[in-house]
Amino acid sequence: MRKIGYIIWREYSSRVKTKSFLFTTLLAPLLFLGLPIVTVLLTKSGSDSIKQIAIEDKSGLFKDIPFADKEDGSLYFKKTINENNSDAAFETASYDGLVLIPADFDLKNSGRTPITFISRKRAGIGVRNYIDKAINKAVLKLRFQHFAQSNVSDVDFEKEVTINYERFESGDDKSAFVNLASVIGYLTGMLIYITITIYGTMILRGVMEEKTNRVMEVLISSVKPFQLMFGKIIGVGAVGLTQFSVWIALLFIGNLFLAPLLFLIGVDANGISGAPSGMNSPVDQSEIQGMVMSLKDIHFGWIGIGVLVYFLLGFFLYGTMFAAVGAVGNDETNAQSLTLPIMLPIIIAFMMMITALNDPEGNVAFWGSIIPFTSPVIMPALLAYQPPLWQIGLSLFLLILTFVLITYFAGKIYRIGVLMYGKKISFKEIFHWLIQ
Amino acid sequence: MSFLSIEHVSKKFGDYKANDDISLSIQKGKIFGLLGPNGAGKTTLIRMITRILLPDTGTILFDGKPHNDKHTERIGYMPEERGLYKNMKVYDHLVYLAKLKGLSANDAKTKTVQWLQRLAIESWRDKKIEELSKGMSQKVQFIGTVIHEPELLILDEPFSGLDPINSQIIDEEIHRLKAEGKTIIFSTHRMEQVDQICDEIGLINKGHLILHGDVMELKSRFKQSIFEVKFSESTENIAISGIAVVEQSANHMVLKANEKSNAELLRLLLDRGLQISSFQEILPTVQQIFIQQVNSSTHA
């Protein structure tokens with residue numbers, strides 16, 4: 001055990017002391033500033049859990065106004081004919097969501113008479129944006145019908161309609177919460193994806209270096225290959241953890257300063273630009289206020305622990321696979337082709353994560369958070385949405401089980417692979433080692 | 001007393017028998033030459049002695065006890081394919097290797113300093129391995145092999161890549177370690193080194209041990225009764241039955257005397273009244289034995 005400690009320390013210190021480590025640790029957070037772009041991407045992609053939306057127009061104003069369905073048919077509106085109690089209608093009908101327009105809807109200013117969107121499942125920001133747009137378009141048309149001829153000067157045609165998002169069972173569904181949760185989910189998923197990729201590759205290179213350098217044989221005549229493998233994975237993992245904690249610390253500091261900062265910017269933009277489009281600034285301000293408020297709703301402590309657990313498990317799962325590939329590879333190109341089967345699931349996981357965040361209770365989110373090879377990226381991203389405990393439990397159980405199995409096989413490949421010099425090793429041979 | 005006993009050890013890789021029923025013992029304080037052509041199974045045998053591989057069947061006794069992982073701390077191994085971490089400093093690297101061999105952090109540091117002084121390379125202390133020449137890093141590698149004062153030392157081609165001066169330094173160190181009572185396994189293709197250095201040899205071919213024993217004993221076993229005789233005066237011809245002249249010059253002859261002892265041959269020569277200034281039996285070199293045995297076992 002003492003020796004594995006020495007190995008861990010060598011692996012750790014030889015990496016942390018490099019300039020490139022300092023560089024990436026401090027520069028990577030700048031990457032996160034690219035988030036707005038990602039948010040745009042998020043909103044563009046579709047959702048599969050909210051499709052059919054009923055419109056219950058109690059005001060009767062929208063009788064002849066169409067609501068625009070999504071071009072690809074993934075989301076469409078239907079007006080209800082009966083004017084019954086909305087809850088009952090909602091319960092029996094096969095609608096995923098319901099737009100409820102109050103009887104006293106005020107066309108000029110909807111602030112006091114908001115439109116409510118009720119859904120069974122939580123609407124992701126993609127769905128919200130689309131519904132917002134569709135309703136605002138309809139209202140705009142209606143305003144033209146009503147006010148265009150009459151010389152009313154105090155009508156702001158483009159004034160955004162207030163829409164409250166609610167869930168059918170739990171009631172109020174804060175829009176700011178979803179925004180913030182998706183931001184946090186994206187950040188954590190991204191962090192895990194980046195660290196697994198970067199540090200997995202680091203493990204791979206480390207093992208290959210030992211093999212091509214021929215230092216391997218000296219080492220394994222002193223310690224067991226298993227100790228060497230795990231010493232390296234833990235050492236490199238500790239490097240990742242160091243970087244991770246620096247990033248998280250920066251994130252926390254960022255959060256502390258960011259919230260008030262966003263608020264200030266919101267106010268400022270309002271004052272300075274004089275509200276150029278006429279529809280952004282007041283809403284933005286309230287949204288930011290909401291965001292600041294909902295910071296309290298996010299359980300940072302639990303998310304932190306969850307992220308840590310998934311990071312460690314995901315890292316070890318992929319780390320052992322990277323180590324095995326490093327032990328088999330003889331040169332860079334050879335290793336690259338062998339890495340593909342490992343990189344593929346991580347990349348798929350990352351792409352699934354984007355879809356999952358857009359629709360946190362959809363199929364992609366669910367299966368992505370359960371399947372062991374994708375769950376280390378997707379589940380942490382979903383934690384801010386508070387998925388049910390059994391889902392987390394099942395996901396953890398499968399992940400740990402897979403980890404144990406993969407470690408067994410990867411250890412076998414590693415042990416044999418490190419002794420094979422100057423020979424290209426085929427998948428067929430690896431398979432032989434495994435069944436031996 | 002045998003320090004290492006290998007008893008009926010076999011190792012298979014798939015269907016390939018790398019080592020087939022090998023038994024040999026290595027005496028304490030001796031230098032044992034492990035010889036064999038490429039691919040004969042030397043590395044596999046060494047890897048089993050260093051516990052990198054485990055035998056399929058057979059046992060290995062280390063200092064009288066069944067071999068176990070704890071023993072690796074008493075073994076120093078310098079593989080033929082050697083290397084070090086390129087981006088580590090000489091001092092850090094040696095301390096690291098020593099600690100992996102079970103030395104405490106303090107001992108590892110003291111020993112590293114001692115060895116750097118002994119081989120007069122203290123000035124390299126803070127150099128990175130990648131800055132060293134091949135010969136220099138070989139020296140560092142040698143220190144890394146012996147730093148924990150192993151009782152069994154396994155050196156695979158220790159002189160390859162060394163210039164004559166460094167070769168001599170390592171050669172002296174090997175003899176010094178032997179004088180300290182360390183047991184040394186020496187694997188090489190360079191047969192002249194075996195003649196000079198080894199007390200015993202084992203010859204492996206195609207996974208089998210085909211020869212094993214004391215160097216002097218083997219030489220006399222495989223001697224072909226060839227003698228070099230020098231005369232103090234020019235000698236034309238000697239016709240003695242049963243003695244063939246292999247080579248001849250003015251006052252020098254190489255004779256092959258079948259089935260005759262040294263004394264008999266000498267007496268026959270003296271009986272002729274020849275003036276003999278030197279009489280010496282030519283023993284086969286290890287290389288000759290090696291080639292002969294490998295060929296005969298290959299053709300068998």
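Out of A:Val218, A:Val207, A:Val239, I need the residue that is within 12 Å of chain B (Cβ to nearest Cβ), open to solvent by less than 20 Å² (accessible area, probe 1.4 Å) and of a type in the set (Val, Ile, Thr). Which one?
Just one listed residue meets the conditions, A:Val218.
Please state which of the following conditions B:Phe186 fails to meet, knowing it meets all the rest: (1) in contact with an Asp or Glu (Cβ under 7 Å, 6 or more places away or on another chain); (2) in a strand (DSSP E or B); (3) under 18 Å from B:Ile49 (Cβ atoms).
With (1) in contact with an Asp or Glu (Cβ under 7 Å, 6 or more places away or on another chain); (2) in a strand (DSSP E or B); (3) under 18 Å from B:Ile49 (Cβ atoms) applied to B:Phe186, the lone miss is (1).
If I filter the stretch A:221-230 down to residues being within 19 Å of A:Thr407 (Cβ to Cβ) and touching a residue at least 24 places away in the same chain (Cβ under 8 Å), which single residue comes out as surrounded by the fewest Cβ atoms within 10 Å (Cβ to Cβ)?
In this case the residue turns out to be A:Phe226.
Answer yes or no: is there a residue in the stretch B:68-82 that is more than 9 Å from chain A (Cβ to nearest Cβ), surrounded by fewer than 23 Cβ atoms within 10 Å (Cβ to Cβ), among the basic types (Lys, Arg) and part of a strand (DSSP E or B).
no
Here is a list of conditions, (1) away from chain A (no Cβ under 14 Å); (2) out of contact with any Asp or Glu (no Cβ under 9 Å at 6 or more places or on another chain); (3) open to solvent by less than 10 Å² (accessible area, probe 1.4 Å); (4) closer than 29 Å to B:Lys219 by Cβ, and B:Glu192 meets all of them except one; can you say which number that is?
Looking at each condition in turn, B:Glu192 falls short on (3).
So B:Ile201 passes all but one of these: (1) touching a residue at least 60 places away in the same chain (Cβ under 8 Å); (2) part of a helix (DSSP H, G or I); (3) buried (at least 18 other Cβ atoms within 10 Å of the Cβ). Which condition number does it fail?
If we test B:Ile201 against (1) touching a residue at least 60 places away in the same chain (Cβ under 8 Å); (2) part of a helix (DSSP H, G or I); (3) buried (at least 18 other Cβ atoms within 10 Å of the Cβ), just (2) comes out false.
For the stretch A:179-194, check the following and say yes or no: at least one residue is surrounded by 15 or more Cβ atoms within 10 Å (Cβ to Cβ), at pLDDT 80 or above, touching a Gly at 6+ places or on another chain (Cβ under 8 Å) and in a helix (DSSP H, G or I).
Yes, the stretch A:179-194 has at least one match.
If B:Thr59 satisfies all but one of (1) outside any helix (DSSP H, G or I); (2) within 14 Å of chain A (Cβ to nearest Cβ); (3) not hydrophobic (A, V, I, L, M, F, W, C), what's the number of the condition it fails?
(2)
Out of everything in the stretch B:11-64 that is in contact with a His (Cβ under 8 Å, 6 or more places away or on another chain) and charged (D, E, K, R), what residue ends up being farthest from A:Ile430 (Cα to Cα)?
Only one residue fits best here, namely B:Asp63.
Exactly one of (1) assigned to a strand (DSSP E or B); (2) open to solvent by less than 20 Å² (accessible area, probe 1.4 Å) is unmet by B:Lys17. Its number?
Against the list (1) assigned to a strand (DSSP E or B); (2) open to solvent by less than 20 Å² (accessible area, probe 1.4 Å), B:Lys17 comes up short only on (2).
Does the stretch B:121-141 include one or more residues that are open to solvent by 10 Å² or more (accessible area, probe 1.4 Å), aromatic (Phe, Trp, Tyr) and more than 19 Å from the chain's Cα centre (by Cα)?
Scanning the stretch B:121-141 turns up at least one residue that is open to solvent by 10 Å² or more (accessible area, probe 1.4 Å), aromatic (Phe, Trp, Tyr) and more than 19 Å from the chain's Cα centre (by Cα).
Go through (1) free of Cβ contacts under 8 Å to residues at least 24 places away in the same chain; (2) open to solvent by 50 Å² or more (accessible area, probe 1.4 Å); (3) assigned to a helix (DSSP H, G or I) for B:Lys178 and report which single condition fails.
Against the list (1) free of Cβ contacts under 8 Å to residues at least 24 places away in the same chain; (2) open to solvent by 50 Å² or more (accessible area, probe 1.4 Å); (3) assigned to a helix (DSSP H, G or I), B:Lys178 comes up short only on (1).
Out of A:Glu429, A:Glu361, report the one residue that is on the phi < 0 side of the Ramachandran plot, among the acidic types (Asp, Glu) and either within 29 Å of the chain's Cα centre (by Cα) or not in a helix (DSSP H, G or I) (or both).
Of the residues listed, the single one that is on the phi < 0 side of the Ramachandran plot, among the acidic types (Asp, Glu) and either within 29 Å of the chain's Cα centre (by Cα) or not in a helix (DSSP H, G or I) (or both) is A:Glu361.
Cβ contacts < 7 Å: first residue farther than 13 Å from A:Asp106 by Cα, restricted to the stretch A:53-66; second residue open to solvent by 30 Å² or more (accessible area, probe 1.4 Å) and of a type in the set (Asp, Glu), any location; separation 6+ or different chain. Result?
Note: pairs meeting the criteria are A:Ile53/A:Asp96.
Among the residues in the stretch B:144-153, are any under 13 Å from the mean Cα position of the chain (by Cα), in a strand (DSSP E or B) and surrounded by 21 or more Cβ atoms within 10 Å (Cβ to Cβ)?
yes
The values are calculated or read from the model by the stated rules, or taken from the named source; none is laboratory data. Bear in mind the structure is a predicted one, so any value in this text is a computation, not a measurement. Methodologically, a virtual Cβ is constructed for each residue, glycine included, from the backbone with ideal geometry; neighbour enumeration extends over all protein chains shown. Calculation scope for accessible area: heavy atoms of the full protein, side chains included, ligands and nucleic acids excluded. Shrake-Rupley method; radii C 1.70, N 1.55, O 1.52, S 1.80 Å.
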